[in-house]
Structure formats: C-alpha cells, structure tokens
1. Does Ile110 satisfy being on the phi < 0 side of the Ramachandran plot, open to solvent by less than 30 Å² (accessible area, probe 1.4 Å), within 8 Å of ligand 1 (Cβ to nearest atom) and out of contact with any strand residue (DSSP E or B) (no Cβ under 9 Å at 6 or more places or on another chain)?
2. Could you tell me which residue of the stretch 190-202 is nearest to Leu160 (Cα to Cα), considering only residues that are in a loop (DSSP other than H, G, I, E, B) and either open to solvent by less than 20 Å² (accessible area, probe 1.4 Å) or acidic (Asp, Glu) (or both)?
3. Of Leu205, Leu265, Leu214, Leu224, which residue is away from ligand 2 (no atom under 13 Å from the Cβ), in contact (Cβ under 8 Å) with a residue 12 or more places away in the chain and in a strand (DSSP E or B)?
4. Quick test of your reading of the structure: Thr131 fulfils all but one of (1) of a type in the set (S, T, N, Q); (2) open to solvent by 20 Å² or more (accessible area, probe 1.4 Å); (3) within 21 Å of the chain's Cα centre (by Cα). Name the failing condition by number.
5. Considering each of Ala253, Ala243 in turn, give the residue that is open to solvent by less than 50 Å² (accessible area, probe 1.4 Å) and either outside the structural domain of Glu134 (by TED's automatic domain parsing) or at pLDDT below 95 (or both).
6. Starting from residues that are open to solvent by 50 Å² or more (accessible area, probe 1.4 Å) and part of a helix (DSSP H, G or I), keep the ones in the stretch 94-107 and report whichever is farthest from ligand 2 (Cβ to nearest atom).
7. Output the residues belonging to the stretch 68-93 that are open to solvent by less than 90 Å² (accessible area, probe 1.4 Å) and either free of Cβ contacts under 8 Å to residues at least 12 places away in the same chain or in the same structural domain as Asp178 (by TED's automatic domain parsing) (or both).
Amino acid sequence: MMFKSLPFRPVLLATSTALLGLLVAITSAAAQDHVGQYEQADIEFGASLYNANCTRCHGEAGTEIAGTDLASGQYARAESDQELMRLIRTGIQGTAMPPNDFNQSELTGIVSYLRSMRDFDLGEVRLGDQTRGERLFNGKGACATCHRVRGQGPRTAPDLTDIGSIRTAATLQAALLDPTGTMISVNRPVRAVLGDGTLVSGRRLNEDTYSIQLIDQDERLRSLEKASLRELTALTTSPMPPASDALDEQEVADVLAYLLTLQGLE
Ligand code: HEC
Ligand code: HEC
C-alpha cells in the first residue's frame, strides 16, 4: 500500500460502555453510508427498466411530471433508498403513480439509476486540450494543491492517478462543476471529536464497524476507535470549490480532457 511510508499514529482511547449507544448509532449511520455507492451494472440495468416502465409518464429526463424531478436525487415522498424502493413497489395511492411488481435486484437497479440519473443526463460533455489542461491543473486551477497524481501532491483529497479509468467524462464534468452535489459517499469528509474533545477532520480511507482510518488535516494517517469518539460525522458539503470559480468554460473542458488521460500508473 502507498500509505506505508506515512507516519502512523494510532489514537487508542479506552472504550466506555456509556458510549455504546452512540456506537450503535454510528454503526447504523455508517452502514447506510455505504448504500451511497452504486454499481455501474445496476445503474445500466436500472436505466433499461426505467426506459421500459417509467418514461411514458416521467419522461426520459425524469421531469415530465410537474413538481417531480426524478433526476434531482431528492424526493418529496422518500428519503432513503429503502423508502424509495417501497414507493416504487407500492405506487402512490390516489395518484397516477402505479404499483410495480419488481423483484429486489430490479428495485436495486432502478434506485441506482434514479440516484445517478443526473450524471446520465448532462447532455453534452465538452472536452478541450489535455496539454493545456495539465498546465491548468498544476497552475491556475490550483487542483494540485489538494490532489495527488502519480505520487506528486498532497493526500488530503482523493488521489486522481486513475480517475480517467474509473469515471466517465460526464461524471467527471459534473464533479468539477458541482463538487457538493455529486460527492460520492466514500469521499465525504469526516469530522471526529475524540474523547478529550480534540477535533480531527480528514478524508476516510477505510471503515469497519469498530474503527475508521483517515488522513487528517496534517496528512497523517490516523486510526480511530469508534467507541472512543464523542462524535463522528460525514459531511455533506465538499471542501472542493467548483472548478468554474477559477476557470472559464474552455479551461474546464481542458482540465476534463487532462483528467481522462489519467489512467493509472504507467
Ligand atoms: C402512469 C404514470 C406513471 C408511471 C408509469 C410512473 N409514475 Fe412515478 N409518478 C407518477 C405521478 C403522477 C407521480 C406524482 C405523484 C404525486 O406526488 O402527486 C409520481 C411520483 C413518483 C415518485 C415520487 C417523487 C417524489 O418527489 O416523491 C417516484 C420516485 C416515482 N414516481 C418513480 C417512478 C418510477 C421509478 C417509475 C417506473 C418504474 C414510475 N414512477 C412510473 C406517475 C407515474
Ligand atoms: C481545496 C481542495 C481542493 C481543490 C482546490 C480541488 N479539489 Fe477536487 N476534491 C477535493 C476533495 C476534498 C474531494 C472529495 C470530495 C468531493 O468529491 O467533492 C475532491 C473531489 C474531486 C473529484 C472527484 C473524485 C472522485 O472520486 O470522483 C475530482 C475529479 C476532482 N476533485 C478534481 C479536481 C480538479 C480538476 C480540481 C482543479 C480544477 C480540483 N479538484 C480542485 C479537494 C479539492
């Protein structure tokens, strides 16, 4: 692992049974958190089900019914994925929204697609010049002040070395223009309050039921015992400014072209 060379300073604090209730709360929140990542295969399966069953009312973009924007990722009548699945299965009584006889994997597909529709629906992706993009990445765009590429740069933001091979152009364009709106749950910054009140914030690397490993604000790798924490929160606002703050439209297209060339270590 690339993090081996980092100074490792585990924070071990005594487990207090008084905090068990908190542990349970954190654990279930963390479990839900993982629901935020959808598999490409589920999304594609869901897209075909959506086109066959939902477009006649909701339209391809999910906006045909007044007051209902299925691509927004937020629904008035359903918050969690579970609620959304239930709604799709039962329909909405007293409205034209019909019940559907889908099995679990079909429901997973549809929900994965609904939550990702926005990315599918970006319309045109603009690609510029990759050489200019690389210069902007390291210069005017200030991307390299947060992101690491092929061993260069800080570890506080996700390593982008292979981002061009794991994300589509449309997803990357959305990530650049709307970091908060498109932030995937593994990338949500974490805020932890230790038993003694110290605040640790950083980027999550690993997490299981009992512990969480993160890179803190000073780029140190830390391992925290969940039971010893007073608070553990995953933030929903991205620390990344929209690329359009520093760059014009052409320059964003240039940076996007550069990101697509990042296909891992050569
Ligand atoms: C016959 C028309 C029709 C079909 C087909 C249909 N819907 Fe709907 N749907 C509606 C209507 C109308 C509403 C709005 C009900 C209301 O809130 O008044 C709705 C609402 C919804 C909502 C709730 C939105 C919110 O903001 O709470 C979701 C989610 C939804 N539909 C998903 C789907 C999915 C997924 C499919 C395909 C499997 C589908 N619908 C098929 C008519 C339809
Ligand atoms: C202040 C630090 C900061 C700056 C400056 C910054 N980013 Fe980010 N970026 C982050 C953080 C933190 C995340 C993870 C949270 C998120 O997804 O929004 C992120 C996420 C991303 C992602 C999504 C990664 C994924 O896994 O999908 C991409 C792509 C990206 N940044 C590219 C850029 C580019 C290109 C620039 C320059 C135009 C830039 N960033 C500038 C901090 C930064």
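The values are calculated or read from the model by the stated rules, or taken from the named source; none is laboratory data. Because the structure is predicted, anything quoted here is derived from the model rather than measured. We place every Cβ from the backbone using ideal geometry, glycine too, and count neighbours over all the protein chains shown. These accessible areas exclude ligands, DNA and RNA; they are computed on the full protein's heavy atoms, side chains included. Shrake-Rupley method; radii C 1.70, N 1.55, O 1.52, S 1.80 Å.
1. Numbers: on the phi < 0 side of the Ramachandran plot: yes; open to solvent by less than 30 Å² (accessible area, probe 1.4 Å): yes; within 8 Å of ligand 1 (Cβ to nearest atom): yes; out of contact with any strand residue (DSSP E or B) (no Cβ under 9 Å at 6 or more places or on another chain): yes.
So Ile110 passes the test.
2. Start the filter on the stretch 190-202 by keeping residues that are in a loop (DSSP other than H, G, I, E, B), which leaves 194-198.
Narrowing the set further to residues that are either open to solvent by less than 20 Å² (accessible area, probe 1.4 Å) or acidic (Asp, Glu) (or both) leaves 194, 196.
Numbers: Leu194: 30, Asp196: 35 Å.
The qualifying residue nearest to Leu160 (Cα to Cα) is Leu194.
3. One residue alone meets the criteria, Leu224.
4. (3)
5. Details: Ala243 fails: either outside the structural domain of Glu134 (by TED's automatic domain parsing) or at pLDDT below 95 (or both).
Criteria check complete, one pass: Ala253.
6. The qualifying residue farthest from ligand 2 (Cβ to nearest atom) is Gln104.
7. We begin by selecting, within the stretch 68-93, every residue open to solvent by less than 90 Å² (accessible area, probe 1.4 Å); these are 68-73, 75, 78, 80-81, 83-85, 87-88, 90-92.
Scanning the stretch 68-93 gives Thr68, Asp69, Ala78, Glu83, Thr90, Gly91.
Let's see how each residue does on (1) touching an Asp or Glu at 6+ places or on another chain (Cβ under 8 Å); (2) over 21 Å from Thr182 (Cα atoms); (3) of a type in the set (Ser, Thr, Tyr); (4) at pLDDT below 90:
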| residue | (1), (2), (3), (4) |
| --- | --- |
| Ala47 | no, no, no, yes |
| Asn51 | yes, yes, no, yes |
| Glu64 | no, yes, no, yes |
| Gln74 | no, no, no, yes |
| Glu79 | no, no, no, no |
| Gln82 | no, no, no, no |
| Leu87 | no, yes, no, no |
| Thr90 | no, yes, yes, no |
| Gly94 | no, yes, no, no |
